[in-house]
Amino acid sequence: GARFGMASRRAVRGLARMCASTSTSALTNTTGMRTEVMHTRTVCSLPHGFSRDIDVWQGRSRPQSSSASLTHRRALSNKPYDSVYGGPKPPNNRVTLRRLMQKYRAGERISVVTAYDYPSAVAVDQSGIDVLLVGDSAAMVVHGHDTTLPITLEEMLTHCRAVARGAQRPLLVGDLPFGSYEQSPGQAVASATRMLKEGSMDAVKLEGGSAGRITTVQTLVDAGIAVMGHVGLTPQSISVLGGFRPQGRTLDEAASVVDKALALQNAGCFAIVLECVPRSVAAAVTEALDIPTIGIGAGDQTSGQVLVYHDLLGFTAHPHHKKVTPKFSKQYADVGTVIAKALEQFKNEVHAGTFPSQLHSPYRLGTEDSFLLADRLREKGLGKAADAVLAALEEEKGE
């Protein structure tokens, strides 16, 4: 038995030497000289009863403590212990569905802005807004249509890509436009997949709470796509609703709004937009659900609020925009007036010849090259052009 045990231990030590991988660490001794030490640390799969963490040091000495002057590299994975993905990480303050739900459960209000392009996305990103919705309202606000119906999936994808390039922090939600998901759940999955893959969105939003829409939401969620619902006034259904009319103002309509919201939650939606419904109805829905409600023209009882970028900034005073700006929208700035004044000032300075001044004409041709260019122009019979070069040179010298 003793011989067998001794032989087994020899076998284990031999196997340990074979399976060990080495890495070199630099150990600095008390005299400041560097001694190369071979450090092997691995876990070998040994015969039954002998699996162990092997630590083999070859060299003059082994460090006695972590306080020793030692650069110690362990032969382990370089991935963070709390992650299965070692690639680039999003910003630490990036709003995810998990963080959104944490905020909701803590009773904190959720801010949402609808925007459609890179410059507005950058502004929204820097403001700390929680969610950026790339809405199909771009059809009205950006493209000049009277309804949201004309915008296509391809156009929405263009807006989504621009927004995704400008916004790094907020959760990005893309509206599925009319005609891109109603035919079948399969069509919805195909369109939503493009929103995520090509548009770089985090989630999609769709309108309505009919039985068919509930099936579509379930299919999308089963496909791994996060969905935001939308009940109340659903602009894509204005032909059925009879125009942009508030919803939930009768008993049956109010009960229908609550029922649809509950059905969307049960289908897997992570949040629901409540548009143009009475404050009391929005309060009932918010209380009935276990997911955030985002109000727009629905009073102050929802979990959060959404407004359109152009509306809240007072972006334009054009008659069309005034026509499509809803009554419930609060204007926080008068950007449209600032823009109009700036454009008028530019026009006046151009007509007066005061823009650009020398300050806004920064590029110069050297003196020698200016004379050579003038000579070359004269050789071509372009005397006035040559005189213009020399006159500009004189003006630049007099700056």
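Give me the base-10 log of I(q)/I(0) for region 169-269 at each q in 0.13, 0.19 Å⁻¹, Debye formula, one uniform scatterer per Cα, rounded to two decimals.
With one equal scatterer per Cα and no solvent, log10 I(q)/I(0) is -0.45, -0.91.
Specify, per residue and in Å³, the volume enclosed by the convex hull of the alpha carbon atoms belonging to region 191-326.
127
Based on the mean of other Cβ atoms within 10 Å per residue, sort peptides 258-271, 187-200, 341-354 so the most packed one is first.
Listed from highest to lowest mean packing, they are 258-271, 187-200, 341-354.
P(r) of region 246-392 in 10 Å steps, Cα pairs, percent per bin?
10, 22, 16, 12, 9, 11, 8, 9, 2
For region 94-236, what is the relative contact order in percent, using Cα pairs closer than 8 Å and at least 6 residues apart in sequence?
Averaging sequence separation for qualifying contacts and normalising by length gives 21 percent for region 94-236.
Taking R0 as 51 Å, what FRET efficiency do you get between residue 255 and residue 355 from their Cβ-Cβ distance, rounded to the nearest 0.05?
0.25
If you average over every viewing direction, what projected area does the convex hull of the Cα atoms of region 112-158 give, in nm²?
Result: 3.2 nm².
Grab the other residues whose beta carbon is less than 14 angstrom from that of residue 297, score K and R as +1, D and E as -1, and report the net.
Overall, the nearby charge balance is +2.
Which of the aspartates and glutamates could a cross-linker bridge to residue 341, judged by Cα under 16 Å and excluding same-chain residues fewer than eight apart?
349
Might you report the magnitude of the Cβ-based charge dipole of region 254-399 about its Cα centre, with Lys and Arg at +1 and Asp and Glu at -1, to the nearest 20 debye?
Dipole of region 254-399, to the nearest 20 debye: 540 debye.
Please give the contour-minus-distance gain from residue 368 to residue 300: 0.36 nm per residue of separation, less the Cα-Cα distance, rounded to one decimal in nm.
Values: separation 68, 0.36 × 68 = 24.48 nm, distance 7.06 nm.
17.4 nm is the gain from fully extending residue 368 to residue 300.
Testing the spin-label approximation: label points 7 Å from Cα along Cα→Cβ at residue 218 and residue 92. State their distance in nm.
That separation, rounded to one decimal, is 4.3 nm.
Percent of accessible area on region 243-399 owned by carbon and sulfur, 1.4 Å probe?
Using a 1.4 Å probe with all protein chains present, region 243-399 comes out at 57 percent carbon and sulfur.
If the chain between residue 102 and residue 266 were fully stretched, how many nm would it gain, using 0.36 nm times the residue separation less the Cα-Cα distance? Provide the component values of the computation, followed by the final result.
Numbers: separation 164, 0.36 × 164 = 59.04 nm, distance 1.93 nm.
So the chain would gain 57.1 nm between residue 102 and residue 266.
The values are calculated or read from the model by the stated rules, or taken from the named source; none is laboratory data. Please read these numbers as outputs of a predicted model, since none were measured by experiment. Cβ coordinates were reconstructed from backbone atoms using ideal geometry, including for glycine residues, and neighbour counts include every protein chain displayed. These area figures cover heavy atoms from the full protein model, side chains too; ligands, DNA and RNA do not enter into them. Shrake-Rupley method; radii C 1.70, N 1.55, O 1.52, S 1.80 Å.
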